[in-house]
């Protein structure tokens, strides 16, 4: 399984972020992990990357419930970022509960690949790596 160059975590829970980064390091998931505490910080940071002619992270783990700008608002703004590799970005919704309405709403966002229940475990990351490897090789 190939490792991902850069991964982005968008979540306001420092304990979740810490534990997820630790597991990512254990399974050699990514070379670089970028963290934003809310959707607005993420939009600003990713827009800055585009302005600096940098590629967007190919994988984003996105919490839905955050202050300032939630995950849904992030998704609405994310599709407006003009970037040639935005289409290659895969977003995984990370949430502590599976709400059937959220699962239905996800279908409106082609960039969202899947829904992962918190906490993220090794098997989740292995599955993501397998899915990403399949997408990149097709």
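The values are calculated or read from the model by the stated rules, or taken from the named source; none is laboratory data. Bear in mind the structure is a predicted one, so any value in this text is a computation, not a measurement. In this analysis, Cβ positions are derived from the backbone assuming ideal geometry, glycine residues included, and neighbour counts consider all displayed protein chains.
Residues are listed down the side, and each one gets a yes or a no for (1) in a strand (DSSP E or B); (2) within 23 Å of residue 72 (Cα to Cα); (3) touching a helix residue (DSSP H, G or I) at 6+ places or on another chain (Cβ under 8 Å):
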position	(1), (2), (3)
9	yes, yes, yes
17	no, yes, no
22	no, no, no
43	no, yes, yes
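Cβ-Cβ below 8 Å, separation at least six or inter-chain, first residue in segment 108-130 and without any contact (Cβ under 8 Å) to a residue 40 or more places away in the chain, second surrounded by 15 or more Cβ atoms within 10 Å (Cβ to Cβ) and in a loop (DSSP other than H, G, I, E, B): which pairs? Listed pairs, sorted by first residue: 111/89.
Which residue is surrounded by the most Cβ atoms within 10 Å (Cβ to Cβ), if the candidates are limited to segment 81-94 and must be outside any loop (DSSP other than H, G, I, E, B) and modelled with pLDDT under 90?
Of all residues in segment 81-94, those outside any loop (DSSP other than H, G, I, E, B) come to 86-88, 90-94.
Restricting the remaining residues to those that are modelled with pLDDT under 90 gives 86-88.
Values: 86: 16, 87: 9, 88: 13.
It comes out as 86.
When segment 63-77 is limited to residues that are touching a strand residue (DSSP E or B) at 6+ places or on another chain (Cβ under 8 Å) and not in a loop (DSSP other than H, G, I, E, B), the one that is farthest from residue 101 (Cα to Cα) turns out to be 74. Evaluation of residue 33 against the conditions (1) farther than 17 Å from residue 116 by Cα; (2) part of a helix (DSSP H, G or I); (3) modelled with pLDDT of 95 or more shows that the sole unmet condition is (2). Of all positions in segment 12-29, none carries a residue that is in contact with a strand residue (DSSP E or B) (Cβ under 7 Å, 6 or more places away or on another chain) and exposed (fewer than 15 other Cβ atoms within 10 Å of the Cβ).
Taking the condition surrounded by fewer than 14 Cβ atoms within 10 Å (Cβ to Cβ), on the phi < 0 side of the Ramachandran plot, out of contact with any helix residue (DSSP H, G or I) (no Cβ under 6 Å at 6 or more places or on another chain) and at pLDDT 90 or above, does residue 99 pass? Taking the combined requirement at face value, the residue does not satisfy it.
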